[in-house]
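The values are calculated or read from the model by the stated rules, or taken from the named source; none is laboratory data. Because the structure is a prediction, the values reported are computed rather than measured. Here Cβ is always computed from backbone atoms with ideal geometry, including for glycine, and neighbour counts include all displayed protein chains.
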Protein chains: 2
Amino acid sequence: MLRISKLTDYGTVVLAHLAHDDSSLVSASDVAVATSIALPTVSKLLKALARADLVRSTRGAQGGYQLSRGAKEISAAAVIDALEGPVSITECSSHDGHCDIESVCAVGGAWQRINIAIRRSLEEVSLADLLQAQRLPSRFEFAGTPINIEMKN
Amino acid sequence: MLRISKLTDYGTVVLAHLAHDDSSLVSASDVAVATSIALPTVSKLLKALARADLVRSTRGAQGGYQLSRGAKEISAAAVIDALEGPVSITECSSHDGHCDIESVCAVGGAWQRINIAIRRSLEEVSLADLLQAQRLPSRFEFAGTPINIEMKN
DNA sequence: ATTAAATAGGACTAAAATAGTCCTCTTTTA
DNA sequence: TAAAAGAGGACTATTTTAGTCCTATTTAAT
């Protein structure tokens with residue numbers, strides 16, 4: 001259920017590598033070697049991440065990529081947006097999506113609300129959190145009720 | 001990002017219809033007519049929902065389906081599980097999934113944690129909630145920009 | 001008993017999304 | 001000016017998802 005794409009997952013790994021090598025420029029091929037992800041794929045990911053301004057690129061020889069801001073300033077939501085676009089949880093809730101059964105749909109905006117709730121929680125999680133895999137401080141509201149999320153481990 | 005499949009969405013609509021017609025048995029074709037979803041599709045959905053024990057089926061003439069429990073006792077998570085299987089947010093976090101880059105993956109269990117968080121929130125939401133959530137214009141911020149979500153009925 | 005109305009299960013096909021590769025162009029440094 | 005990088009996009013293959021259809025089984029009504 002509710003999966004993110006493999007590319008997004010890889011994207012996180014790539015970002016993680018950049019976060020590690022903090023100050024210096026890292027080329028796509030370095031990242032590919034370090035992560036064992038095929039170079040064309042890494043390249044594609046980094047281009048998309050650059051367009052979304054999550055990484056900054058420097059062209060030319062000795063060029064490469066670096067995070068455009070600190071790992072704490074990059075949210076999981078931003079990563080997903082960059083690599084999958086701002087798509088919603090259901091088709092009919094996306095902006096120009098058209099829903100065949102709209103007129104008889106009893107469910108209406110319910111999934112949207114869930115979507116928003118999930119989105120908020122993803123905004124609370126930063127790349128730094130992902131790296132540390134420590135307790136995630138997630139707390140958000142759904143349908144007016146505050147929901148606390150505790151994580152085991 | 002993070003979408004549920006169209007079938008799951010339809011499944012919710014189907015369940016919503018059953019919840020409406022509370023006490024009596026409703027045949028798959030009745031549901032199909034009422035929801036404007038093609039009969040074979042409705043049929044397929046109801047079978048899956050029956051296997052997951054979200055609806056109870058009665059075979060034979062005058063047979064049909066009904067919810068196996070009250071709408072409040074059916075969580076969004078259960079619906080998703082029934083129709084998409086208990087898959088995780090990433091491939092490598094699913095139970096028997098194998099991840100190519102496991103050995104160098106710096107992200108590790110981070111997405112799993114997010115997955116658990118989302119899952120919990122989906123367990124908090126019942127079918128009854130989904131039904132009530134009609135027509136609430138929503139507003140939230142993304143990347144500092146306020147975003148309005150309008151629902152067209 | 002027989003027939004008709006249902007569901008059960010699964011095989012199959014079609015369509016769409018995803019993943020991955022490759023080519024050509026531009027930029028920059030040595 | 002050559003080599004090392006990224007930019008952009010076209011293209012292909014694969015996988016997933018959606019949707020249909022067929023056959024078997026169950027049950028109620030006649």
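When restricted to residues that are within 11 Å of chain B (Cβ to nearest Cβ) and touching a Leu at 6+ places or on another chain (Cβ under 7 Å), the stretch A:8-30 contains 9. When you scan the stretch B:87-110, do you find a residue that is part of a loop (DSSP other than H, G, I, E, B), modelled with pLDDT of 85 or more, more than 7 Å from chain A (Cβ to nearest Cβ) and within 16 Å of DNA strand C (Cβ to nearest atom), even just one? Within the stretch B:87-110, none of the residues are part of a loop (DSSP other than H, G, I, E, B), modelled with pLDDT of 85 or more, more than 7 Å from chain A (Cβ to nearest Cβ) and within 16 Å of DNA strand C (Cβ to nearest atom).
For the stretch A:3-62, residues that are of a type in the set (Val, Ile, Thr), exposed (fewer than 15 other Cβ atoms within 10 Å of the Cβ) and within 8 Å of DNA strand D (Cβ to nearest atom) total 1.
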